[in-house]
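Shown next, in structure tokens, is the structure this report addresses.
What follows is calculated from the coordinates using simple rules that are stated; it is not laboratory data. In this text the structure is predicted, and so the values were computed from the model without any measurement. Quick reminder, even Gly has a Cβ in these numbers, built from the backbone with ideal geometry, and neighbours come from all protein chains shown.
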Amino acid sequence: MSAPVTSVQPVLEFARIGRDDVPSAGGKGASLGELLRAGVRVPDGFVVTTAAFRDAMGVLADEVGRRVAGLDPGDADRLAAETAEIRQLVESAPPPTPVADAVLAGYARLSAEAGQPDLPVAVRSSATSEDSAEASFAGLQDTYLWVHGGQSVLDHVRRCWASLYSVESVTYRLRRGIPETDLAMAVVVQQMVGARSSGVMFTRSPQTGDRSVIALDASWGLGSAVVGGDVTPDSFVVNKVTGEIVRRTVATKTCWHQPDPSGHGIVEAEVPTQLRDVPSVDDEEIAELVAIARRVEAHYGCPQDIEWAVSRTAPRGENVFLLQSRPETVWAEKDAARHQTAPAARPFDHVFSMLGGRRPSGG
Amino acid sequence: MFQSAGERSFPLPSQIAAAAGAEGWESMYPYFTRFQPEDDQRFWFYNAMHFPEVIPAFDGITSEIPYTAIGANTARLFSFPTTMGIEYRILNGRVYITANAVTDPARIQERLTDFQERAGHYYANWDELYIGWQQRIEALIAEIEAVEVPRLQELDDLSVVTGARGYATNHLLRENFHRCVDLYSKMWHHHTEFLMLGYGAYVVFFEFCRNAFPEIGDQMVARMVAGMDVTMYQPDEELKKLAALAVELDLADLFVEGGEPAKVLAALGERGDAGARWLAALEEAKDPWFHVSVGDGFYHHHLSWSDDLTVPFAALPRYVEQIRGGADLTRPTKRLAEERERIAQEYRALLGGDEEKAAFDQMLGLCRQVFPYIESHKFYCEHWFTTRFFQKIRAFGGLLADRGVLAEAEDVFHLRHTEVEDALADVQLAWASGGTELGARHWQPIVDERKRIVAALTGWSPPPALGPVPEALNDPAVQMLWGVTDETVQTWLGGNELDEKVVRGYAASPGVVEGVARVLESVNEIGQIREGEVLVCAVTAPSWGPVFGKIAAAVSDIGGTMSHAAIVAREYGMPAVVGTGQATTRIRTGDRVRVDGDRGIVTILG
């Protein structure tokens, strides 16, 4: 485990971040850096740190803080109006030159490394709070796909910052009494994968919690169609121990998300007929995804909820990318409640307790 | 425990009429196998796993005797707390069974105390007792092999007089026949002596795995537990050795696809010293390793390799070809053992905590301790001993045919064992009196009639179960004894709604393949199988293992996931669905089928 990055640099490349850098890079940013350290292929990018956020808020912070503190969470109308104004303020205020320059330089470097000027990127907020409820207000909705051009990236970074002042986010802080002075947010800027197929993986069964299987959902195009529930994906269950695909359900996939032909954002469209009933990933790709999932799970030491994509352009063997990985939470709680068999005095005492007339309910 | 007969009910025994043309089938079996009026109140199911075919009159002994032994062990020796033994009945030539559960809590508690003392003694001393078991079973095999089928001559041997033996040879007809039956009974007691305790250890581990890994299949549990099972693989190993010897002695040209055993043997006889050496090696391998039955040891007509060389000789050409091509056919026991250990350790690593891991170690350890018995008892009991038993009975049939009582030796299997004793008494009397046996006039019409009845019964489709459905079959011991769970019953109940293109069975070996079906009526057709076909047959016995190398998948009417055939299929890495009950009647040679060994489903594609 390496020491966290202590500097206050406004921009940090993924390669310089690890799991302990949540305070500066946010949860999402720290996780992407950590995945890279674990040897997992993730699309390259950088984080606009919480230090950059604080710099940018600088002179605004006092005024904004005062205005938020004066709000009543019960007064919905005024709250909506005030927060809209605050967001407008945050989005339109030009960031300090060092921050703007660092973001533009980071983007230029990323474009140069990819060999593509105006490289399309995803801009996502990355919350520092470990509180998943707060994180979901303050961050998860704020994902801007297929952004390109330095100025546009900068604009979207500011939009992410402004999202901290959404009605939901502010209401949440007011009700919890969270002081505005503790507020911080990082933003992830990451190269887009021109996804042929994408989807999600759980490193345990979402239905039964079984930790010996990996459940994988996949569909054509960008992952937002699967995550957003716009399509019924293909679904596979793979045994971790043997690698066997124990269940496969190929769905009729009618819709996909693709980059907007205008060059900005994404559009939803119909999947061409000839692709609809074809599996969106092949067995070899499933095997690679499963191998990666196992590595990530082992790296973190607990079951993971993973987003992934298979690139349209990268050659086989280099075309599978992880976009995100976070701990699975639903079954983790149930695990604690599950009955765990304890060892007996003699091994065959287990036989006695089982064949000794234990009568499960209904018998 | 049982719901009243209503919607959740199978046909009642009393509602089932004799199959057309098979009226009077009851006379083939003893009175105590017949359904009684009060049996309508109980739940019964067809034991398709052990008795997939119509039972000829003599073969009734293969249900009568095993059920005297298994019930004695669970009910009276080890005092299993929640179950006594199994009752069986015969209907239209098929065996239906039910278990007598113990449900009174006070009685269960009493039985549990005895169970702990008695079963505890066996578990605690397992390895030592198992060595004793092997000695006892080998002694029984030696005894059955030594039983003489008397030869009745014009005058008894002079030595009987000079040695003052005191009794004439006709006495030995009944004594020796009876010894065969007695030894067969003893063998079955020994067979079940360790079996239910062994299964108990397995079921406990299986339930544990199901709790920890809800989606785990029983195949995976079996893979963690299975040993190297040296005994049941040995016949196949002997074949590989013979194939290697054929190559070494430059006899490979004689082993070609479709060669009939008799012709191959004759050709070997003309190849001088090399041929003689190979034939000697064959004789050496035969005893005991060719005493594997092509079935599971419950029918006289499931012959062994030593009775009929068709199966081994169908496998030899392929082995010869592979060895000539430089292939190493040695069974990779080291790799298999490592793989078993890897799977077990990976599952263990996925468990919640150290307590649970310790319990896993205990249960897996116990399973592996008992498994050598579970794996190897079949070769000793159902194969080696039973092959010898049926050979002796066939020889008594030969004697009855020689004396004119029967038209041919095989007809003895159309008499019940008590009727065989009658026929032998007839011979004893005729030889003693200097008169003539009266059996020809009595038995031969009966045999003819029974052959006709067996043929008529063969066309009858047995319902999977009879009577009202029990509320829940949730007692592990009863499930273990029956081999049937709630899910099985639910599947049967839904049976009518199932797609007629779908045949369901046990998922015995994973993987999904499509191929052209080859339905084999009997093992004698095994030479017809072509590379890449899907084998469909009544029984996939372990002795068919050698042909597994040739086929893409196996489907059978009978068998369970713990059967040796399933274990062999897994080792060959070939999908298998067993215990379908009806694959051979629903699928035709030439049909394109998809075998889903993960889910136990065979789909007829056209």
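Side notes on the structure shown:
- Per-residue Cβ neighbour rank within 10 angstrom, fewest leading, A:Val278, A:Val213, A:Val241: A:Val278, A:Val241, A:Val213
- Semi-axis lengths, largest first, of the ellipsoid equivalent to chain A are 39, 28, 20 Å, with √(5λ) applied to each eigenvalue of the Cα gyration tensor.
- Cα-Cα separations in the range A:1-105 greater than 23 Å, expressed as whole percent: 43 percent
- Fewest neighbouring Cβ atoms within 10 Å first, the residues A:Phe46, B:Phe32 line up as B:Phe32, A:Phe46.
- Positive-pole candidate from B:Ala72, A:Pro233, B:Tyr373, dipole of the protein assembly as shown, charges at beta carbon: A:Pro233
- Hull volume in cubic angstrom per residue (convex hull over the Cα atoms of the range B:325-432): 215 Å³
- Average projection, convex hull of the Cα set of the range A:11-191: 9.7 square nanometres.
- Per-pair calculated FRET efficiency, R0 = 35 Å: B:Glu257 and B:Asn100 via Cβ, rounded to 0.05: 0.10
- Cα gyration tensor shape of the range B:13-154, rounded if a/c is under 1.5, else prolate or oblate by comparing a/b with b/c: oblate
- Placing dummy labels 7 Å off each Cα toward the beta-carbon, the span from A:Val278 to A:Ala15 is 3.7 nm.
- Three-way shape call for chain B based on the alpha-carbon gyration tensor, with the a/c threshold at 1.5: rounded
- With neighbours defined as other Cβ atoms within 10 Å of a residue's Cβ, the residues B:Met28, B:Met84, B:Met232 order from fewest to most as B:Met84, B:Met232, B:Met28.
- Taken along its three principal axes, the alpha carbon spread of the protein assembly as shown comes to 129, 71, 53 Å, from the longest extent down to the shortest.
- Shown here is the pair-distance distribution of the range A:160-318: with all Cα-Cα distances grouped in 5 Å bins from zero up to the longest one, the shares run 2, 8, 15, 16, 16, 13, 12, 9, 6, 3, 1, 0 percent.
- Classified by the C-alpha gyration tensor, the range A:99-248 has an oblate form. Its axis ratio a/c, with a ≥ b ≥ c, is 1.5 or above, and a/b does not exceed b/c.
- Projecting the Cα atoms of B:Tyr88, B:Gln109, B:Leu140 onto the charge dipole of the range B:61-141 (Cβ charges, centred on the Cα centre) puts B:Tyr88 farthest toward the positive pole.
- Our note on the geometry: Cα centres of the range B:376-448 and the range A:215-264, 68 Å apart.
- Rounded to the nearest 20 debye, dipole of chain B from Cβ charges on Lys, Arg, Asp, Glu: 420 debye
- The distance separating the Cα centre of the range A:301-333 from that of the range A:13-66 comes to 20 Å.
- Rounded to the nearest Hz, the phi-derived 3J(HN,Hα) couplings of the range B:57-72 under the Karplus curve 6.51 cos²θ - 1.76 cosθ + 1.60 (θ = phi - 60°) are 3, 5, 5, x, 5, 7, 10, 3, 6, x, 6, 5, 8, 5, x, 4, where x marks glycine and proline.
- A:Ile266 long-range amide H proximity, modeled H, under 5 Å: A:Asp260
- Inter-part distance where the range A:192-214 and the range B:146-162 are each reduced to a Cα centre, Å: 78 Å
- Cα-based values for the range B:270-323, radius of gyration first and Dmax second, are 13.1, 41 Å.
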